[in-house]
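A.B. asks: Next up is a structure, given as structure tokens.
The values are calculated or read from the model by the stated rules, or taken from the named source; none is laboratory data. Note that the structure is a prediction, hence the values are computed from the model and not measured. Note: ideal-geometry Cβ built from the backbone for every residue, glycine included; neighbour counts use all protein chains shown. When the accessible area is computed, the model is the full protein with side chains, heavy atoms only, and any ligands, DNA or RNA have been set aside. Shrake-Rupley method; radii C 1.70, N 1.55, O 1.52, S 1.80 Å.
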Amino acid sequence: MAEAGMFIGWGAPVRGRESKSLDVFSESIQYWGKLQQDGRIEDFEVVLLYPHGGDLYGFALLRGSHDQLNEVGGDEEFLRLTTRAGMVVEGLGVVRGVVGDGLQQQIEMFQQAAGEFT
């Protein structure tokens, strides 16, 4: 089970680049699928949000080990796609986190740190 996650969130398409944003979105899904097929990540999920008055329009959550996601984050194709995506959507962000098996370790780390301040 995965211990780490990579959250890739995006906002509205840049005006005039809506069609290109769909192209980059499609390329990204194909790339994430290949990462999964090649065993470079455990899995991924894409979520498109309903209109809600906020800036976030959707996100992808890639899951794997910390080592897998460290490698992916420095992958030339990942960097190329995120650079292109940043030119066709507003508010692109990539954030690392913990999921699944990594939660307990992160909670224990928090508890230890909290104990130092109480």
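A.B. asks: Return the single residue from Ile107, Ile41, Ile29 with maximal mean-square fluctuation; model: Gaussian network over the chain, springs between Cα atoms under 10 Å.
C.D. replies: It is Ile107.
A.B. asks: Take Tyr31, Tyr57, Tyr50 and sort them by solvent-accessible surface of the protein heavy atoms, 1.4 Å probe, largest at the top.
C.D. replies: Details: Tyr31 25, Tyr57 110, Tyr50 195 Å².
So the residues, ranked largest to smallest area, are Tyr50, Tyr57, Tyr31.
A.B. asks: Now for a separate question. Compute a Gaussian network model of the chain, connecting alpha carbons closer than 10 Å, and tell me which residue from Glu108, Glu76, Glu45 fluctuates the most.
C.D. replies: Answer for the Gaussian network model of the chain: Glu108.
A.B. asks: In what sequence, largest accessible area first, do Leu22, Leu61, Leu56, Leu81 appear using a 1.4 Å probe?
C.D. replies: Working: Leu22 115, Leu61 40, Leu56 60, Leu81 10 Å².
Accessible-area ranking of Leu22, Leu61, Leu56, Leu81, largest first: Leu22, Leu56, Leu61, Leu81.
A.B. asks: Further question on the same structure: Could you tell me which trypsin sites (Lys or Arg not before Pro) in the range 1-104 are loop residues by DSSP with no more than 15 other beta carbons within 10 angstrom of their beta carbon?
C.D. replies: Working: sites: Arg15, Arg17, Lys20, Lys34, Arg40, Arg63, Arg80, Arg84, Arg96; in loops: Arg15, Arg17, Arg40.
Here the sparse-neighbourhood loop sites are Arg15, Arg17.
A.B. asks: Comparing Ala12, Ala85, Ala60, which has the greatest mean-square fluctuation in the GNM of the chain with Cα pairs linked when under 10 Å apart?
C.D. replies: Among Ala12, Ala85, Ala60, the largest GNM mean-square fluctuation belongs to Ala12.
A.B. asks: Moving on to the next point. How high is the FRET efficiency from Ser26 to Phe110, r the C-beta distance, R0 35 Å, rounded to 0.05? Please report the intermediate quantities before stating the final value.
C.D. replies: Values: r = 39 Å, r/R0 = 1.10.
So, using R0 = 35 Å, E works out to roughly 0.35.
A.B. asks: Please report the relative contact order for the range 4-73, taking Cα pairs under 8 Å with a sequence separation of at least 6, and give it as a percent rounded to a whole number. Before the final figure, lay out the partial values.
C.D. replies: Values: 88 pairs, mean separation 32.7, N = 70.
Taking the mean separation of contacting Cα pairs over the length of the range 4-73, I get 47 percent.
A.B. asks: Okay, next question. For Met109, what accessible area in Å² do you get when you roll a 1.4 Å probe over the heavy atoms of the protein chains, rounding to the nearest 10?
C.D. replies: 100 Å²
A.B. asks: Ok, one more. What whole-number value in Å² describes the accessible area per residue of the range 52-117 for a 1.4 Å probe? Before the final figure, lay out the partial values.
C.D. replies: Numbers: 4270 Å² over 66 residues.
Accessible area per residue: 65 Å².
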